[in-house]
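Let me begin by presenting the structure, written as structure tokens, before commenting on it.
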């Protein structure tokens, strides 16, 4: 099962930046353990759109820390944008929101007042009841560690349950796949005839992959664009399988952009395939041959994607909590059961 760190988002007032930095220092052990990564708006680079960066990181965070103070409550942006989105994601079960009370302030009427706050008993970090702020932040760090461990356990249990429900024994499906070698697909990989064997769904995947490359301003079609095309196609076997694993186009696009970023913006008319995609096509033919199919469809392309764990597409799936081997086994079982 792939180990993925949980992402923390700091929502705070710039007037409390010093306290935010102190808290970040107290979370250093969790970061060094690879348990968490963190983001705040000071990490926005020159030339980047700050509103997009904030919203993107807020929408992908696993834990959202609300650093509460009078400055925070007085900030229109914190209140109207970040708190609102944080509570929406918390209520939808998409993120865990933790208020961290920095300074004494009346926050009982806030949208997050129903949530368990840190430090313990919601005692503000800046308070005479703590000997030092270090003592208070240590209590906060312990609470965050407990929340992280709980989220990780829930994620692992959810993935385990999915595997138990969906996955057949891999040895049986692999054996059945290897036995289906009687019908071969004469697809010439290095000629213009190759795409003649693609189904309408597979052709649509390639067209959508080209659109994704242009949208990101890249002069190539990589495995990540093929993955986005498979999701966006919507009706094929691959799209249905990925949907079962909870993969959405919006979330996958977000992960792709985080990994490869955006290009220069100029895209040549003919967008070439990367070497990894060409190998993906080769693997797709192998799987079609093994299944006795005389065509290449979305399921064969997705099977080809699962063969390279170092490809960007595989990393996108891993970051979204999906084991590529599990995806592969589900497809093999589905297709071999039709034989």
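The values are calculated or read from the model by the stated rules, or taken from the named source; none is laboratory data. The structure presented is a predicted model; accordingly, all values stated were derived computationally and were not measured. Cβ atoms come from the backbone with ideal geometry, glycine included; neighbour counts cover every protein chain shown.
Quick check: anything in region 289-301 touching a strand residue (DSSP E or B) at 6+ places or on another chain (Cβ under 6 Å) and either under 23 Å from residue 319 (Cβ atoms) or crowded, with 20+ Cβ neighbours inside 10 Å (or both)?
Within region 289-301 (the criterion being touching a strand residue (DSSP E or B) at 6+ places or on another chain (Cβ under 6 Å) and either under 23 Å from residue 319 (Cβ atoms) or crowded, with 20+ Cβ neighbours inside 10 Å (or both)), the answer is yes, since at least one residue qualifies.
Pick from region 61-81 the residues that are in contact with a helix residue (DSSP H, G or I) (Cβ under 6 Å, 6 or more places away or on another chain) and assigned to a helix (DSSP H, G or I): which of them is farthest from residue 17 (Cα to Cα)?
Restricting to residues being in contact with a helix residue (DSSP H, G or I) (Cβ under 6 Å, 6 or more places away or on another chain) and assigned to a helix (DSSP H, G or I), the top hit is 78.
Rundown of residues vs (1) closer than 23 Å to residue 254 by Cα; (2) modelled with pLDDT under 95; (3) surrounded by fewer than 17 Cβ atoms within 10 Å (Cβ to Cβ); (4) not assigned by TED's automatic domain parsing to the domain that holds residue 96, yes/no style:
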{"residue": "26", "(1), (2), (3), (4)": "no, no, no, no"}
{"residue": "34", "(1), (2), (3), (4)": "yes, yes, yes, no"}
{"residue": "37", "(1), (2), (3), (4)": "yes, yes, yes, no"}
{"residue": "46", "(1), (2), (3), (4)": "yes, yes, yes, no"}
{"residue": "55", "(1), (2), (3), (4)": "yes, yes, yes, no"}
{"residue": "64", "(1), (2), (3), (4)": "yes, no, no, no"}
{"residue": "70", "(1), (2), (3), (4)": "no, no, yes, no"}
{"residue": "74", "(1), (2), (3), (4)": "no, no, yes, no"}
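Among residues belonging to region 118-141 that are out of contact with any helix residue (DSSP H, G or I) (no Cβ under 9 Å at 6 or more places or on another chain) and surrounded by 12 or more Cβ atoms within 10 Å (Cβ to Cβ), point out the one that is farthest from residue 27 (Cα to Cα).
122
For every residue, the table says whether it meets (1) over 24 Å from residue 247 (Cα atoms); (2) in a loop (DSSP other than H, G, I, E, B).
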{"position": "21", "(1), (2)": "yes, no"}
{"position": "24", "(1), (2)": "yes, no"}
{"position": "29", "(1), (2)": "yes, no"}
{"position": "38", "(1), (2)": "no, no"}
{"position": "42", "(1), (2)": "yes, no"}
{"position": "48", "(1), (2)": "yes, yes"}
{"position": "53", "(1), (2)": "no, no"}
{"position": "56", "(1), (2)": "no, no"}
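Kindly evaluate residue 16 against the criterion of being assigned to a helix (DSSP H, G or I) and surrounded by fewer than 13 Cβ atoms within 10 Å (Cβ to Cβ).
So residue 16 fails the test.
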